[in-house]
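Engineer: Encoded as structure tokens, here's the structure I'll be asking about.
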Amino acid sequence: MKMKLVLGSLAVVVGAGYGAAVMAQAKPDVLVKQRQSAMVLIGKYWGPIAGMPTGKAPYNAERVATNAPLLEMLAKMPWDGFHENTKGENSRALPAVFTETAKFKDGADAMQRSLTNLVKVSKGTDEAATKAAIAEVGKTCSGCHETFRAK
């Protein structure tokens, strides 16, 4: 009797876990909307600081110190939305996202490293170092967009 109870309980737990996993899988169009939403927010906090290294925007250390940690956090969000089942969905992701996955991941990792560095230098008072870090973030973003995003 105890064995039936244990096996029955185990079946319920495994079944519930399987059901939760199935429920957690988002539909492809939802994944695309989520990754696009993360990118829109990245643009919101990137825009005000992007032009600082070239003088297109005035340097504002406080703005950089505020936006950099937000960008670092947001940059962790879109990548799981580039799931194989989203290929062909209405987005600007090029097929290379799904065929050159290692290169795509390298680009995402480079973006994260550059933002971590930006957060670090934005806590200091070295304007030149901060501008260089902003420029490096821009370079990593552009590198991915050129290869993996339709214009």
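Computed from the coordinates by the stated procedures, all read-outs in this text should not be read as laboratory data. These numbers come from a predicted model, not from an experiment. Virtual Cβ from ideal backbone geometry, glycine too; neighbours counted across all protein chains shown.
Engineer: Lysines within cross-link reach of Lys151: Cα-Cα under 26 Å, excluding same-chain residues under 8 positions apart?
Structural biologist: Lys27, Lys33, Lys44, Lys56, Lys76, Lys87, Lys103, Lys105, Lys139
Engineer: Sort Trp79, Trp46 so the one with the fewest other Cβ atoms within 10 Å of its own Cβ comes first.
Structural biologist: By the 10 Å Cβ count, ascending: Trp79, Trp46.
Engineer: So what's the net charge close to Val32: Lys and Arg +1, Asp and Glu -1, counting the other residues with Cβ under 11 Å from its Cβ?
Structural biologist: Neighbourhood net charge equals +3.
Engineer: Arrange the following residues from fewest to most other Cβ atoms within 10 Å of their Cβ: Leu74, Leu41, Leu118.
Structural biologist: Starting with the residue having the fewest Cβ neighbours, the order is Leu41, Leu74, Leu118.
Engineer: Then there is this: Once you place label points 7 Å from the Cα toward the Cβ at Lys139 and Thr66, how far apart are they in nm?
Structural biologist: About 2.8 nm separates the two model spin labels.
Engineer: Let me ask something additional. In the neighborhood of Val121, defined by Cβ-to-Cβ distances under 11 Å, what is the net charge if each Lys or Arg adds +1 and each Asp or Glu adds -1?
Structural biologist: Overall, the nearby charge balance is 0.
Engineer: When a footprinting reagent is the concern and you count Cβ atoms within 10 Å, what order do Met111, Met73 take, fewest first?
Structural biologist: Met73, Met111
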